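Below is one structure, written out as structure tokens; comments come after it.
The values are calculated or read from the model by the stated rules, or taken from the named source; none is laboratory data. Owing to the predicted nature of the structure, the values given are computational and were not obtained by experimental measurement. Cβ: placed from backbone, ideal geometry, glycine included. Neighbour counts: every protein chain shown.
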Amino acid sequence: MLNVAIIAGTSRPGALNGQVVDWVAARTNENEDLNATVMDFSAFDLPLLDEAIPGGAHQYQNEHTKAWGAELDKYDAYIVVTPEYNHSFSGSLKNALDFVSIEFNNKVVAFVSYGADKGVRATEALRLVFANYRTAAIRGAGAFSIFTDVKDGKFAPEEVSSQTMGPLLEDLRAWGEAFKAMRQA
């Protein structure tokens with residue numbers, strides 16, 4: 001069984017993100033080889049980055065950073081669900097990611113995005129961040145349009161959009177198991 005953290009990609013009040021996260025969690029938990037848990041970084045009360053030493057050194061001084069890092073470290077794989085804000089991902093997600101680093105090493109991440117152009121630019125920006133963490137990002141991504149996959153304020157993906165999740169989860173499982181075996185060796 002692979003433990004997967006589904007990271008909610010924004011702390012914006014009233015955002016569509018919660019609906020997309022819930023949909024992704026339900027799809028992920030339909031796979032008997034995956035155990036998904038939703039992670040909301042806002043639950044860790046992270047201020048603007050207040051660690052004097054970069055996360056890669058893993059010398060955390062603050063309890064909120066230690067708690068956030070310890071929670072992330074529990075998982076074998078991650079799915080980041082992100083909106084696209086101004087051709088990138090949210091500032092609150094960037095702040096949360098900047099606190100940590102090695103918790104993601106030798107693991108796998110997948111991305112699910114949404115926006116006017118399906119959030120693809122947010123995904124591409126996140127790929128750079130996770131490459132720095134030595135995290136393998138699978139190629140396939142879930143991408144949803146706020147024009148066709150949201151109806152009356154409710155996330156209701158069209159079949160052509162939702163079909164991306166099957167291959168995404170297959171790759172996440174395969175890569176996640178390989179990295180898990182590598183870390184255990």
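What the table below lists for this structure:
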| quantity | calculated |
| --- | --- |
| Close pairs from region 21-34: first on the phi > 0 side of the Ramachandran plot, partner β-branched (Val, Ile, Thr), Cβ under 7 Å, at least 6 apart | none |
| Residue 79 at pLDDT 95 or above, in contact with a Ser or Thr (Cβ under 9 Å, 6 or more places away or on another chain), under 21 Å from residue 176 (Cβ atoms) and β-branched (Val, Ile, Thr) | yes |
| Single match in 131, 116, 136 (criterion: more than 14 Å from residue 8 (Cα to Cα), under 13 Å from the mean Cα position of the chain (by Cα) and of a type outside the set (S, T, N, Q)) | 136 |
| Selection from region 117-164 of residues that are surrounded by 16 or more Cβ atoms within 10 Å (Cβ to Cβ) and over 28 Å from residue 101 (Cβ atoms) | 118, 144, 145, 146, 149, 150, 155, 157, 161, 164 |
| Number of the exception - residue 172 against (1) over 25 Å from residue 73 (Cβ atoms); (2) in contact (Cβ under 8 Å) with a residue 60 or more places away in the chain | (1) |
| Residues (acidic (Asp, Glu) and touching a strand residue (DSSP E or B) at 6+ places or on another chain (Cβ under 7 Å)) located in region 127-170 | 149 |
| Qualifying residues in region 8-20 (those that are in contact (Cβ under 8 Å) with a residue 24 or more places away in the chain and either aliphatic (A, V, I, L, M) or part of a helix (DSSP H, G or I) (or both)) - the one nearest to residue 177 (Cα to Cα) | 8 |
| Sole exception among (1) in a loop (DSSP other than H, G, I, E, B); (2) farther than 23 Å from residue 75 by Cα; (3) small (Gly, Ala, Ser) for residue 161, by number | (1) |
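For every residue, the table says whether it meets (1) among the charged types (D, E, K, R); (2) part of a helix (DSSP H, G or I).
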position: 22; (1), (2): yes, yes
position: 35; (1), (2): no, no
position: 43; (1), (2): no, yes
position: 50; (1), (2): yes, no
position: 59; (1), (2): no, no
position: 80; (1), (2): no, no
